[in-house]
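Report on the structure given below.
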Amino acid sequence: MSSDRRGPGTRPTTGAAGGRTGRPAARPQSQQYSTAASRDAARRAMYRRRRITVFVLALIVVALLVLGVTLMVKAIGKVREQASQPAPVEAVAEPTAPGPEGDAASGNCPAGEVGVKAAVNAEEFPKGEKPQFTIEVTNGHDADCLIDVGTSQQEFVVRHDGDTVWSSEYCRSEDDDAESRIVFTAGESKKTTFTWNRIPVDDSCRQVGDDFSAGDYEVVVKLGDQESESVPFVLQAADKGAGSVVDEIASPEPADEAEESV
């Protein structure tokens, strides 16, 4: 019967037939410690990476929250600022006193420096021919200035034997009362012409005849308070052979009454 000898690195095991067999010896203790240490280091590194990742994500979340709060505060402040401001008011031009501009910087011409002159296109007018009266306005001032030459300021007056027998004021309408302030340079003159229709009317613009009788007349023109010198002219009688009939038409009784009322 043989003895069972075990070496220092084996211990007896039981085989299939009931005998003992040898198995590898256990690892040295230093090697076990080295393996456990490496596993612990790997585990700590993994935890460290996880903590860093969580920390970075937390920083991102905090930054987003701060940004959102900042934008929200700015938006609320803007809304409050807009609400506190009054509603915009449409710009309204400040009223200014009427006055000259540009070339009219000197203002209205002095009344004493405004000259008014009358003219007639002929000395005598046959029956049926219409005279043309001209008003000439002159700036006698030594500077550019404004003169109102609108129709509301103009007046043509026809006189006979010193009496006014016709005036452009008799039939003036409201539409004719237009103002026209024009710049006159120093010494400048401007003219306008008016054609007289020779129809007798009273001061209410009612016709009182067909024509004025033959004779000597004179025209005077006015611009505001300024009045021109009178200019004479003659209305001639009709041709011979028809004089008696024309005289009866030209000077009816209503015309005489109208002249007396003026």
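The values are calculated or read from the model by the stated rules, or taken from the named source; none is laboratory data. Treat the numbers as computed from the prediction; the structure is a model and nothing was measured. Don't worry about glycine lacking a Cβ; one is built from the backbone with ideal geometry, like all the others, and counts go over all protein chains shown. Keep in mind that these areas ignore ligands, DNA and RNA; they rest on the heavy atoms of the full protein, side chains included. Shrake-Rupley method; radii C 1.70, N 1.55, O 1.52, S 1.80 Å.
Here Leu235 meets each of (1) at pLDDT 95 or above; (2) open to solvent by 80 Å² or more (accessible area, probe 1.4 Å) with one exception, condition (2).
Residue-level check: of (1) open to solvent by 100 Å² or more (accessible area, probe 1.4 Å); (2) under 60 Å from the mean Cα position of the chain (by Cα), Val66 misses just (1). Consider region 95-111 and keep the residues that are open to solvent by less than 80 Å² (accessible area, probe 1.4 Å) and at pLDDT 90 or above. The one that is nearest to the chain's Cα centre (by Cα) is Cys109. Could you check, for region 160-180, whether at least one of its residues is within 32 Å of the chain's Cα centre (by Cα) and either surrounded by 17 or more Cβ atoms within 10 Å (Cβ to Cβ) or closer than 13 Å to Val221 by Cβ (or both)? Checking region 160-180: not a single residue is within 32 Å of the chain's Cα centre (by Cα) and either surrounded by 17 or more Cβ atoms within 10 Å (Cβ to Cβ) or closer than 13 Å to Val221 by Cβ (or both).
Within the option set Ser189, Ser152, Ser230, being under 24 Å from Cys109 (Cα atoms), open to solvent by 20 Å² or more (accessible area, probe 1.4 Å), in contact with a Ser or Thr (Cβ under 6 Å, 6 or more places away or on another chain) and touching a residue at least 24 places away in the same chain (Cβ under 8 Å) holds for one residue only, Ser189. The set of residues from region 131-151 being in a loop (DSSP other than H, G, I, E, B) and in contact with a strand residue (DSSP E or B) (Cβ under 9 Å, 6 or more places away or on another chain) comprises Pro131, Gly140, His141, Asp144, Val149, Gly150.
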